[in-house]
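The values are calculated or read from the model by the stated rules, or taken from the named source; none is laboratory data. The model shown is predicted, which means the values in this text are computed figures rather than measured ones. Because the Cβ atoms are built from the backbone with ideal geometry, glycine has one as well, and the counts that use them run over all protein chains shown.
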Amino acid sequence: MAKFLLLGSGELGKEFTIAAQRIAQTVIAVDSYKNAPAMQVADGFEVINMLDGDALDKIVAKHQPDFIVPEVESIRTERFYDYEKQGIKVVPSAKAANYTMNRKAIRDLAAKDLNLKTAGYRYATSLETLQQSIKEIGLPCVIKPLMSSSGKGQSLIKTQDQIEKAWNYALEGSRGDLVEVIVEEFIKFDYEITLLTVTQNNGNTLFCPAIGHRQEDGDYRESWQPATMKDAHLETAQKMAAEVTQALGGAGIWGVEFFVSEENGVYFSELSPRPHDTGMATLANTQNFNEFELHLRAILSLPISEVTLERAGASAVILAKEHLDHPEVKGLEKIAAEEKSDFRVFGKPISRPNRRMGVVLTYDEKTKNPEEIAQRAKELASKVYVE
Ligand SMILES: Nc1ncnc2c1ncn2[C@@H]1O[C@H](COP(=O)(O)OP(=O)(O)OP(=O)(O)O)[C@@H](O)[C@H]1O
Ligand SMILES: [Mg+2]
């Protein structure tokens, strides 16, 4: 039996913990607040600021885990290299977690070292260099803090006069005190996908059927599987995902994000070395194993011979509208009454505007249109509310 120190205890960590509990593993769930979703189902918990390296060292020493499983980016990942030296397996690897928490590290690896196609980009450390970078990249463009997630501090710029505001917004949305942004060429993609990729210690790299998704205000709203796409584009994405995951190293599931333009092809965007939020579509039992079970098996070196598509499915998020202290998701009976649908409620102890509180799942036969299945999930999600 293995012991996992789960760093981040949100909905993805909760599903991972449930998968681990089902095969009698031990999970200590960590986050910055008590009663976080994964803590509700774990064997133990710790409340710390995960950006505090000393606090991390302490709980690692206390629990002596076999595996450290990051669920979020926002962790003092530099310490992961030490834990690896101590013989603890960092999932999927210290390098993967450390590189992906900073857009610069991962973008340079992908674009420069591996020569993957990405949006054109520059970095800027001041308003002046930002203006110069935007001249080079052209308008429209996207500005992002180097360290942020869920669209925090991110803006789409269409005109010169928006630059200063975007610079300030990026600094406000930046994790820590890093004063640097990335400016990316705006890609007019036709659609975007997450390619869940499984790397194994003693086996082939496997790809889940691509997941399509729609983003709004920096977070996904619906995701569906399989995404409808040309074989050639899928193969290109798979090749890129294999290269970048190999360069980062280790075993586990990865959410590799791509933009696809019929005219210009496939662009690598970014990746997370862990289950991906859009991958919650797999909770609709679209695959032989959902993304959390795949992650767990890969970590434990349990061989995964194949990933199969069992049916088409989708997820749509249930968002809170306001801050509430004991939020409840109401109206679930309306979803329950519908055929081929399901839901998860995460049990977050407080809500905030746009905080994800649950997810609606819909599914149908493989031959059905996944985007229509997603539309159904979206409609069902609009029937529930948080109060
Ligand atoms: N260069 C770009 N061109 C066009 N759209 C973009 C570009 N960069 C980002 N976007 C849009 O914004 C979304 C969020 O961007 P990105 O994934 O880089 O941000 P993030 O903060 O890391 O988000 P998350 O952590 O939720 O994945 C993308 O999924 C895409 O819809
Ligand atoms: Mg993203």
- Message: I'm told L130 meets every condition in (1) more than 11 Å from ligand 1 (Cβ to nearest atom); (2) surrounded by fewer than 16 Cβ atoms within 10 Å (Cβ to Cβ) except one. Can you identify the failing condition by its number?
- Response: (2)
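With L324, L309, L319, L294 as the choices, which residue is in contact with a Pro (Cβ under 7 Å, 6 or more places away or on another chain), away from ligand 2 (no atom under 16 Å from the Cβ) and not small (G, A, S)? Quick ask: steps written out before the conclusion?
Numbers: L324 fails: in contact with a Pro (Cβ under 7 Å, 6 or more places away or on another chain); L319 fails: in contact with a Pro (Cβ under 7 Å, 6 or more places away or on another chain); L294 fails: in contact with a Pro (Cβ under 7 Å, 6 or more places away or on another chain).
So the residue among L324, L309, L319, L294 that is in contact with a Pro (Cβ under 7 Å, 6 or more places away or on another chain), away from ligand 2 (no atom under 16 Å from the Cβ) and not small (G, A, S) is L309.
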- Item | Subset of the range 246-259 [over 22 Å from A281 (Cα atoms) and either crowded, with 17+ Cβ neighbours inside 10 Å or not hydrophobic (A, V, I, L, M, F, W, C) (or both)] | Q246, L248, G249, G250
- Item | Meets criteria (within 10 Å of ligand 1 (Cβ to nearest atom), farther than 25 Å from S74 by Cβ and under 20 Å from the mean Cα position of the chain (by Cα)) for Y220 | no
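Say whether the condition of being within 11 Å of ligand 1 (Cβ to nearest atom) and in contact with a strand residue (DSSP E or B) (Cβ under 9 Å, 6 or more places away or on another chain) is met by at least one residue in the range 278-298.
Narrowing the range 278-298 to residues within 11 Å of ligand 1 (Cβ to nearest atom): 278.
Going one step further and asking which of them are in contact with a strand residue (DSSP E or B) (Cβ under 9 Å, 6 or more places away or on another chain), we end up with 278.
Within the range 278-298 (the criterion being within 11 Å of ligand 1 (Cβ to nearest atom) and in contact with a strand residue (DSSP E or B) (Cβ under 9 Å, 6 or more places away or on another chain)), the answer is yes, since at least one residue qualifies.
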- Query: So which residues in the range 95-127 are away from ligand 1 (no atom under 15 Å from the Cβ) and among the β-branched types (V, I, T)?
  - Reply: T125
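Looking at the range 319-346, which of the residues that are of a type in the set (D, E, K, R) and not in a loop (DSSP other than H, G, I, E, B) is nearest to A284 (Cα to Cα)? Can you show your working first?
Quick first cut of the range 319-346, residues of a type in the set (D, E, K, R) only: 321-322, 325, 328, 330, 333-334, 338-340, 342, 344.
Still in the running and not in a loop (DSSP other than H, G, I, E, B): 330, 333-334, 342, 344.
On the way: K330: 21, E333: 18, K334: 18, D342: 7, R344: 10 Å.
Among those residues, the one meeting the criterion is D342.
Conditions tested, residue by residue: (1) of a type in the set (S, T, N, Q); (2) buried (at least 19 other Cβ atoms within 10 Å of the Cβ).
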position	(1), (2)
I193	no, yes
L196	no, yes
N204	yes, no
G212	no, yes
D217	no, no
S223	yes, yes
T228	yes, no
D231	no, no
A237	no, yes
- Q200, sole failed condition from (1) touching a strand residue (DSSP E or B) at 6+ places or on another chain (Cβ under 9 Å); (2) away from ligand 1 (no atom under 14 Å from the Cβ); (3) free of Cβ contacts under 8 Å to residues at least 40 places away in the same chain; (4) not aliphatic (A, V, I, L, M): (3)
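Determine whether A241 is in contact (Cβ under 8 Å) with a residue 24 or more places away in the chain, within 15 Å of ligand 2 (Cβ to nearest atom) and crowded, with 21+ Cβ neighbours inside 10 Å. Don't jump to the end; show me each part of the working.
Values: in contact (Cβ under 8 Å) with a residue 24 or more places away in the chain: yes; within 15 Å of ligand 2 (Cβ to nearest atom): yes; crowded, with 21+ Cβ neighbours inside 10 Å: yes.
Yes.
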- Can you tell me which residue among P275, P349 is touching a strand residue (DSSP E or B) at 6+ places or on another chain (Cβ under 8 Å) and either surrounded by 19 or more Cβ atoms within 10 Å (Cβ to Cβ) or assigned to a loop (DSSP other than H, G, I, E, B) (or both)? P275
- Query: Which residue pairs have Cβ atoms under 9 Å apart, sit 6 or more places apart or on different chains, and have a first residue in the range 150-174 that is closer than 15 Å to R103 by Cα and assigned to a helix (DSSP H, G or I) and a second that is within 16 Å of ligand 2 (Cβ to nearest atom) and among the polar types (S, T, N, Q)?
  - Reply: A170/S148; A170/Q154; A170/S155
- Message: Suppose we filter E84, E78, E73 for residues that are under 24 Å from Y99 (Cβ atoms) and touching a Ser or Thr at 6+ places or on another chain (Cβ under 7 Å); which single one remains?
- Response: E73
- When (1) under 28 Å from F4 (Cα atoms); (2) away from ligand 1 (no atom under 12 Å from the Cβ); (3) touching a helix residue (DSSP H, G or I) at 6+ places or on another chain (Cβ under 8 Å) are applied to V266, the one that fails is (1)
- Query: Taking L296, is it modelled with pLDDT of 95 or more, in a helix (DSSP H, G or I), of a type in the set (A, V, I, L, M) and crowded, with 24+ Cβ neighbours inside 10 Å?
  - Reply: yes
- Total residues in the range 150-166, condition within 20 Å of R107 (Cα to Cα) and surrounded by 22 or more Cβ atoms within 10 Å (Cβ to Cβ): 1
- Flag if S305 is surrounded by 14 or more Cβ atoms within 10 Å (Cβ to Cβ) and among the small types (G, A, S): no
- Query: Out of the range 114-125, which residues are part of a loop (DSSP other than H, G, I, E, B), of a type outside the set (K, R) and touching a residue at least 12 places away in the same chain (Cβ under 8 Å)?
  - Reply: L114, L116, T118, A119, G120, T125
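Among the helices (runs of 4 or more DSSP H) contained in the range 36-113, which hold 1 or more residues that are surrounded by fewer than 19 Cβ atoms within 10 Å (Cβ to Cβ)? Break it down stepwise before answering.
On the way: elements: 53-63, 80-85, 94-100, 103-108.
Where helices (runs of 4 or more DSSP H) fall fully within the range 36-113 and carry at least 1 residues being surrounded by fewer than 19 Cβ atoms within 10 Å (Cβ to Cβ), they are 53-63, 80-85, 103-108.
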